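Since the structure comes first, as structure tokens, the remarks are kept for the end.
The values are calculated or read from the model by the stated rules, or taken from the named source; none is laboratory data. All values derive from a computational prediction rather than experimental measurement. Because the Cβ atoms are built from the backbone with ideal geometry, glycine has one as well, and the counts that use them run over all protein chains shown. What goes into the accessible areas is simple: the full protein's heavy atoms, side chains included, and nothing from ligands, DNA or RNA. Shrake-Rupley method; radii C 1.70, N 1.55, O 1.52, S 1.80 Å.
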Amino acid sequence: MTDEEARRRHLQLFGIRILAILTAGVGVVIISGRWISEPMIGYALFLIGVVEFFVLPQWLVKQWKNQDK
């Protein structure tokens, strides 16, 4: 793997984690009732953000390992 490819992959993982944190944060704000008065949307966004934060990076790394073989 080249340095450029490693840098690209690192930035992708970083971006995914930042978006996941933002998604979960928006979910928390909606749950608190500050934006929308429908907490189920907030719970859904929070759950999506948490799953995205923990599962998606691991899945990507697994895909990259299979691709590098």
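Averaged per residue, what accessible surface does the chain expose to a 1.4 Å probe, in Å²?
77
Looking at the chain, which chymotrypsin sites (Phe, Trp or Tyr not before Pro) are in a loop (DSSP not H, G, I, E or B) and have at most 13 other Cβ atoms within 10 Å?
Loop-located and lightly packed - 35.
Percent of accessible area on the chain owned by carbon and sulfur, 1.4 Å probe?
Carbon and sulfur atoms account for 67 percent of the accessible area of the chain.
Could you give me the ³J(HN,Hα) list for the stretch 8-15, computed from phi with Karplus coefficients 6.51, -1.76, 1.60 and θ = phi - 60°, whole Hz, x at Gly and Pro?
Ordered by residue, 3J(HN,Hα) equals 5, 5, 4, 5, 5, 5, 4, x Hz.
How long are the semi-axes of the ellipsoid equivalent to the chain, from square roots of 5 times the Cα gyration tensor eigenvalues, in whole Å, largest first?
In descending order, the three semi-axes are 32, 12, 5 Å.
Need the full-extension length gain, residue 58 to residue 35, defined as separation in residues times 0.36 nm minus the C-alpha distance. One decimal, nm.
Between residue 58 and residue 35, full extension yields an extra 5.1 nm.
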